[in-house]
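Following: one structure in structure tokens, then a few remarks.
The values are calculated or read from the model by the stated rules, or taken from the named source; none is laboratory data. Quantities reported herein were computed from a predicted structural model and do not represent experimental measurements. Cβ placement follows ideal geometry from the backbone for every residue including glycine, while neighbour counts extend to all protein chains displayed. Surface accessibility is based on the protein's heavy atoms, side chains included, excluding ligands, DNA and RNA. Shrake-Rupley method; radii C 1.70, N 1.55, O 1.52, S 1.80 Å.
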Amino acid sequence: MSKGVFDKRFATHIPNNSAYNTLLCTNELGYVEADVSYKITGIPQESILFGYTTAGQGLLEYKGTKYQLQEGSLFCVNCTHPHTYQTSKDIWKFYWFHAVGTIAHSLIKNFDADVFVRNDVQHFVSCWENMYNLAGKNSLYIDMKIAPIINNIFNMIFDDSGHDSRMQKTEEFIHLNYDKKITIDDMAKNACMS
């Protein structure tokens, strides 16, 4: 165990080549409980780091900007640039994983920002536990089970990006046009998703 780390769970996963090129994948994930001596400097890599604080406080620094991470906060970082994260107070307890693969690389390039922090996120730990239980097995089938979990976590962090208003527009469109033949394309155009 590293200095200042009191509890640690860690798993590596080797995505199948087909999965790496077509699905959201993970290559490593972990859980840490650490004191104020804990500090990690991330090496630039083509991945997206997700972290979720369950207790204590952490501090994320990215391109000179500091982000306070408290209980219930989920962060997402474009790892193509150096970054550090550390315990900022008492014991910091957090779950983390890297999203990798061709799709993850593509998503990195389309981010409006390099760091996202959301507070009061629900269900992250259960998603992480499901991924952790699968990660020790390497096969395309397992990668196909992991991909929707990662997609769900992406939805947690980007949920406030207009999704609710698009769904509301779609529901209103259906109610107004229930007596007509409605296609998926019609609904997508109405919700500005085409």
Legend entry - Which numbered condition residue 25 misses (of (1) in contact with a Gly (Cβ under 7 Å, 6 or more places away or on another chain); (2) in contact (Cβ under 8 Å) with a residue 60 or more places away in the chain; (3) surrounded by fewer than 17 Cβ atoms within 10 Å (Cβ to Cβ)): (3)
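Could you please let me know if residue 87 is in contact with a Ser or Thr (Cβ under 8 Å, 6 or more places away or on another chain) and under 16 Å from residue 39 (Cβ atoms)?
yes
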Inset, instruction - Quick one: which residue in 159, 114 is touching a His at 6+ places or on another chain (Cβ under 8 Å), modelled with pLDDT under 85 and not hydrophobic (A, V, I, L, M, F, W, C)? - result: 114
Legend entry - Residue within segment 5-19 that is part of a loop (DSSP other than H, G, I, E, B) and basic (Lys, Arg) present: no
Inset, instruction - Search segment 82-96 for residues that are outside any strand (DSSP E or B) and pair each with any residue that is open to solvent by less than 20 Å² (accessible area, probe 1.4 Å) when their beta-carbon atoms are under 9 Å apart and the residues are at least 6 apart or on different chains. - result: 82/42; 82/62
Inset, instruction - Kindly indicate whether any position in segment 118-135 is surrounded by fewer than 17 Cβ atoms within 10 Å (Cβ to Cβ) and more than 16 Å from the chain's Cα centre (by Cα). - result: yes
Inset, instruction - From the list 30, 56, pick out the single residue that is touching a Ser or Thr at 6+ places or on another chain (Cβ under 7 Å) and modelled with pLDDT of 90 or more. - result: 56
Legend entry - Filter result (in contact with a Cys (Cβ under 7 Å, 6 or more places away or on another chain) and either open to solvent by 30 Å² or more (accessible area, probe 1.4 Å) or not in a strand (DSSP E or B) (or both)) within segment 28-67: 44, 45, 47
